[in-house]
């Protein structure tokens with residue numbers, strides 16, 4: 001019997017297993033996850049911390065018998081070694097498991113910054129249900145909480161902490177908040193917004209040391225010291241692929257895949273936050289750690305795993321990676337699409353209304369919008385995504401957007417209707 005093994009019990013792993021079962025009713029399927037809980041969504045943890053849901057609300061599938069009903073075996077253990085050529089896995093207890101096809105969907109793990117005292121009691125990441133339990137105990141009303149990192153994940157955690165009524169400080173070593181998603185103006189606007197909401201924000205600042213005790217003593221690079229009842233390390237994540245060392249599977253930043261999500265080893269695939277796939281907008285291989293990408297990659301990989309097991313050509317191809325982030329920071333909506341930093345030789349247009357808390361930054365390659373940032377805009381989110389992902393040729397509308405980036409909707413409608421010249425612009429303005 002064909003045996004499909006999936007490493008990782010997150011959204012990508014679960015969707016892949018369910019897809020395989022739909023396509024191959026009698027094949028054996030095993031999911032291996034290294035946490036004791038049922039498969040759950042990390043994205044639901046902030047809602048758990050806010051008190052909006054119970055732990056069971058984070059579970060990806062609500063029926064306790066869901067996987068048993070589909071004849072999908074769940075193993076709660078850790079893989080220590082992958083022998084790709086021999087199609088064999090070594091488990092933490094020393095046992096081995098053979099496979100016919102393998103999907104690496106192990107996601108990411110938090111980065112531990114090299115800070116003295118980062119392992120002190122009262123310092124936690126916010127990545128697992130176990131982390132959430134510790135944080136819930138310490139992040140009580142009025143507790144002094146210091147968060148290390150103000151990236152995308154850090155801002156989501158910050159939202160949950162603010163809802164718990166803590167006294168919150170955030171330390172970010174970059175010169176602005178969300179530095180890997182936002183340019184200087186946008187990141188600065190988010191910082192200013194957070195400070196008006198009562199969050200103390202230190203940018204261009206590092207945590208130099210943490211001294212254990214109650215309270216914790218946190219020394220900052222700006223010369224200040226902060227006392228904290230809880231320190232949360234949100235300094236970023238990286239693909240959880242260390243166990244693939246010497247496996248024969250090629251890894252760069254993530255597990256390198258082709259358009260079918262297959263690795264350099266036939267029959268071995270990757271999907272989700274640990275997979276490195278082609279972003280057709282930028283033409284670069286990227287790791288895009290967002291759930292819509294994980295879900296689509298899982299479906300593509302699963303279909304091709306079944307085809308491979310049957311000796312058939314690849315069943316489907318990944319259309320591309322979506323580079324999109326939409327962030328709600330204490331009520332302020334910001335977005336980042338595509339190659340938001342721009343491309344060599346490209347043009348850039350920017351518009352800011354600081355008083356209204358609104359900002360647009362557009363990046364072009366020739367007459368195509370390749371990336372953008374926004375703060376305080378909600379109506380045009382779909383338009384920005386459509387222009388970037390659709391690689392729409394704007395024609396003379398590019399010149400209009402260079403002068404007035406707020407004309408995105410008109411540019412999109414005109415280009416989508418094939419009107420990309422000035423007549424379409426005039427018609428849109430008259431309407």
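A short reminder: the numbers here are calculations on the coordinates, not readings from a lab. Being a predicted model, the structure only gives us computed values, none of them experimental. Virtual Cβ from ideal backbone geometry, glycine too; neighbours counted across all protein chains shown.
Between residue 355 and residue 26, what is 0.36 nm times their sequence separation minus the Cα-Cα distance? Round to one decimal in nm.
Values: separation 329, 0.36 × 329 = 118.44 nm, distance 6.17 nm.
Contour length minus the Cα-Cα distance gives 112.3 nm.
On full extension of the chain, what length is gained from residue 80 through residue 246, given 0.36 nm per residue of separation minus the C-alpha to C-alpha distance? Display every interim value, and only then the final one.
On the way: separation 166, 0.36 × 166 = 59.76 nm, distance 1.13 nm.
Taking residue 80 through residue 246 to full extension adds about 58.6 nm, to one decimal.
With 10 angstrom as the radius, rank 207, 170 by how many other C-beta atoms surround their C-beta, starting from the fewest.
Working: 207 24, 170 27.
Arranged by neighbour count, lowest to highest, 207, 170 become 207, 170.
Residue 88 to residue 258: FRET efficiency via 1/(1 + (r/R0)^6), r the Cβ-Cβ distance, R0 30 Å, to the nearest 0.05?
Values: r = 23 Å, r/R0 = 0.77.
Result of the calculation: an efficiency of 0.80.
Modelling each spin label as a point 7 Å along the Cα-to-Cβ direction, I'd like the residue 130/residue 341 distance in nm, to one decimal.
In this crude label model, residue 130 to residue 341 measures out at 3.5 nm.
For the stretch 138-236, give me the percentage of DSSP beta bridges that are antiparallel, rounded to the nearest 5 percent.
About 40 percent, rounded to the nearest 5.
Among 282, 56, 374, 108, which comes first, second and so on when ranked by fewest other beta-carbon atoms within 10 Å?
Details: 282 17, 56 12, 374 26, 108 21.
Fewest-to-most Cβ neighbours within 10 Å comes out as 56, 282, 108, 374.
Among rounded, prolate and oblate, which fits the stretch 3-134 when a ≥ b ≥ c are the square roots of the eigenvalues of its C-alpha gyration tensor, a/c under 1.5 means rounded, and a/b larger than b/c means prolate? Working shown, then result.
Values: a/c = 2.65, a/b = 1.36, b/c = 1.94.
Oblate is the answer for the stretch 3-134, as a/c is 1.5 or above yet b/c matches or exceeds a/b.
Quick one: if you stick a label point 7 Å off each Cα along the C-beta vector at residue 204 and residue 227, how many nm between them?
Label at residue 204, label at residue 227, 3.0 nm between them.
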